[in-house]
Amino acid sequence: MTVNEMPPVGSEYPFPSRYAEINGSRLHYIEQGVGTPIVMLHGNPTWSYMYRNIIPYLSPNARCLAVDLIGMGLSAKPDIGYTFREHVDYIGKWVDRLELRDFIVVGHDWGATVGLQLASERPDRVRAVAMLEPQALVPKPSWAQFSPPESEGLFRTLRDPEAGWPFMRDNNVFVEGMPRIIVNRTFTREEHERYREPFRNPADRKPMWVFPNQIPIGSEPAEVAQAVEERNRWLTATDIPKLLLYATPGCSVREPELAWCRSQLGQLTLEHIGRGFHHLTEENPHAVGEALRRWLVAMERPA
């Protein structure tokens with residue numbers, strides 16, 4: 001099937017909501033299908049809505065569980081720091097609450113980063129990991145290695161201790177900028193509204209602002225830099241299957257990140273899914289869904 005023959009991208013989110021109470025707050029998730037559990041984690045500023053066109057490719061043969069990070073999507077918005085370690089704690093306890101074992105992690109952006117940390121802390125329960133535009137995959141010794149370099153000014157502003165929070169709070173920059181970085185198709189008004197919904201209240205935009213402040217550049221923030229270093233010791237040593245989906249021109253993943261993956265990661269499948277920038281499940285969902293489906297089928301085949 002060619003790109004021109006693909007069915008239109010759907011904007012509907014036809015999944016019943018489920019909730020689990022974690023740390024006194026409700027995490028929202030959806031569940032479709034039966035079989036190997038697939039934990040699907042979104043990034044910034046998205047939510048489980050981003051997987052609506054991916055789940056139909058996987059749910060005939062797998063149990064798809066797409067969860068909203070705390071403070072995002074339809075999950076609760078408690079008064080917490082929304083740091084990387086807090087997100088890992090909430091998702092880890094959610095996985096434990098559901099008693100998931102032999103599960104596969106599929107993560108985009110910070111969802112991939114949280115998912116890799118989750119996998120490194122529960123290596124006996126994780127079967128494989130798939131990544132789309134992961135944040136903090138490769139250590140960045142300085143701003144000179146920041147990717148994409150054309151966004152350095154924005155991220156420096158967001159990390160400014162005085163200007164950063166007001167800039168995000170008042171401008172909702174990541175959500176409002178989404179249509180400009182959906183490079184492979186037109187982003188509809190209905191889809192844009194679904195991403196605006198969780199952040200209509202300016203005070204609720206804190207998670208979107210904290211995430212760029214958690215990207216480890218040099219040794220700061222130290223807690224995240226150390227976690228990434230420890231996680232990568234596991235990631236480069238483990239023999240579980242790994243999939244990295246990437247696009248052209250890409251955003252968080254470009255040639256330096258691809259080169260690191262080729263040289264450092266075993267049992268790795270690299271798959272180019274066409275033109276795209278960052279929100280690959282929105283830009284080219286059929287290519288993403290089909291690539292994930294093929295990878296999962298290949299893992300199920302007898303050796």
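Regarding E271, is this residue among the acidic types (D, E), surrounded by fewer than 16 Cβ atoms within 10 Å (Cβ to Cβ) and at pLDDT 95 or above? In short, no. Restricting A130, A144 to those that are in contact with a Gly (Cβ under 9 Å, 6 or more places away or on another chain) and on the phi < 0 side of the Ramachandran plot reduces the list to A130. For the range 280-294, the criterion of being of a type in the set (S, T, Y), within 26 Å of D102 (Cβ to Cβ) and surrounded by 19 or more Cβ atoms within 10 Å (Cβ to Cβ) is met by at least one residue. Taking the stated definitions as given, is L243 touching a helix residue (DSSP H, G or I) at 6+ places or on another chain (Cβ under 8 Å), under 24 Å from R63 (Cβ atoms), surrounded by 19 or more Cβ atoms within 10 Å (Cβ to Cβ) and not hydroxyl-bearing (S, T, Y)? Judged against the criteria, L243 is a match.
If a residue has to be of a type in the set (D, E) and under 22 Å from L280 (Cβ atoms) to count, how many in the range 153-182 make the cut?
Counting residues in the range 153-182 that are of a type in the set (D, E) and under 22 Å from L280 (Cβ atoms) gives 1.
Of all residues in the range 39-56, those satisfying the criterion of being outside any loop (DSSP other than H, G, I, E, B) and of a type outside the set (G, A, S) are V39, M40, L41, Y49, M50, Y51, I55, P56.
In the set (1) in a helix (DSSP H, G or I); (2) among the polar types (S, T, N, Q); (3) surrounded by 12 or more Cβ atoms within 10 Å (Cβ to Cβ); (4) out of contact with any Leu (no Cβ under 7 Å at 6 or more places or on another chain), T236 fails one condition alone, (4).
Please verify whether the range 202-222 includes one or more residues that are assigned to a helix (DSSP H, G or I), modelled with pLDDT of 95 or more, closer than 24 Å to S48 by Cβ and of a type in the set (K, R). Yes: the range 202-222 contains one or more residues that are assigned to a helix (DSSP H, G or I), modelled with pLDDT of 95 or more, closer than 24 Å to S48 by Cβ and of a type in the set (K, R). Report yes if P212 is more than 30 Å from Q264 (Cβ to Cβ) and either touching a residue at least 12 places away in the same chain (Cβ under 8 Å) or among the acidic types (D, E) (or both), otherwise no. Spelling it out, it is not the case that P212 is more than 30 Å from Q264 (Cβ to Cβ) and either touching a residue at least 12 places away in the same chain (Cβ under 8 Å) or among the acidic types (D, E) (or both). Hey, can you tell me all the residues within the range 239-260 that are out of contact with any strand residue (DSSP E or B) (no Cβ under 9 Å at 6 or more places or on another chain) and assigned to a helix (DSSP H, G or I)? Passing the criteria: E255, P256, A259, W260.
The values are calculated or read from the model by the stated rules, or taken from the named source; none is laboratory data. Model, not experiment: these values are computed from the prediction. With ideal geometry, Cβ positions are generated from the backbone for all residues, glycine too; neighbour counts draw on all protein chains shown.
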